[in-house]
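Below is one structure, written out as structure tokens, with a few remarks after it.
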Amino acid sequence: MRIRIVTFTLDVPVDDYVHHAADIAPTFRSWPGLLAKWWLGDAASGTYGGVYVFETKADADRSRRTDLFREMNSNPAFNDVTVVEYDVLDVPTAMTAPVPQDAGRAVS
């Protein structure tokens, strides 16, 4: 699995951002290999963003070529955008976190 963490500060009111985020959230379902996305917000520091969980590094790489990803990097409402990615250490993670690709699947 691959994890992406995106953070930024806003140049728009938080309520406007949250409304926009809710509008575009379903679009992320079209990204092949995206297992989950968590939306982040810290009003005290003014930092917002997301944590993305991808099935593979190739899926994460492919998502960077989408309009949605490119728009995030060029949106004038977002300042100080940072994007970092990490591989997941499978063995210890399996002991401490649910495995997203198994979530919601029927057990046979």
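The values are calculated or read from the model by the stated rules, or taken from the named source; none is laboratory data. This structure is a prediction, so every number in the text was calculated from the model and none was measured. Positions of Cβ are generated from backbone atoms using ideal geometry, with glycine treated the same way; all protein chains shown enter the neighbour counts.
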Query raised in the report: Regarding GLY41, is this residue surrounded by 15 or more Cβ atoms within 10 Å (Cβ to Cβ), of a type in the set (Gly, Ala, Ser), touching a residue at least 12 places away in the same chain (Cβ under 8 Å) and touching a helix residue (DSSP H, G or I) at 6+ places or on another chain (Cβ under 7 Å)?
Result: no
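Let's see how each residue does on (1) in contact with a Cys (Cβ under 9 Å, 6 or more places away or on another chain); (2) loosely packed, with under 12 Cβ neighbours inside 10 Å; (3) under 18 Å from VAL12 (Cα atoms):
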site	(1), (2), (3)
VAL53	no, no, no
LYS57	no, no, no
ARG65	no, yes, no
LEU68	no, no, no
GLU71	no, yes, yes
PHE78	no, no, yes
VAL81	no, no, yes
VAL84	no, yes, no
VAL88	no, no, no
Query raised in the report: Among the residues of segment 1-26 satisfying the criterion of being among the aliphatic types (A, V, I, L, M) and part of a helix (DSSP H, G or I), which is farthest from the chain's Cα centre (by Cα)?
Result: VAL14
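Per-residue answers, yes or no, for (1) on the phi < 0 side of the Ramachandran plot; (2) touching a residue at least 60 places away in the same chain (Cβ under 8 Å); (3) basic (Lys, Arg):
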site	(1), (2), (3)
TYR52	yes, no, no
LYS57	yes, no, yes
ASP67	yes, no, no
SER74	yes, no, no
ASN79	yes, yes, no
LEU89	yes, no, no
PRO92	yes, no, no
ALA97	yes, no, no
**Report entry** Those helices (runs of 4 or more DSSP H) lying entirely in segment 27-101 with at least 1 residues in contact with a Leu (Cβ under 9 Å, 6 or more places away or on another chain) and either under 16 Å from ILE5 (Cβ atoms) or modelled with pLDDT of 90 or more (or both)
**Finding:** 57-63
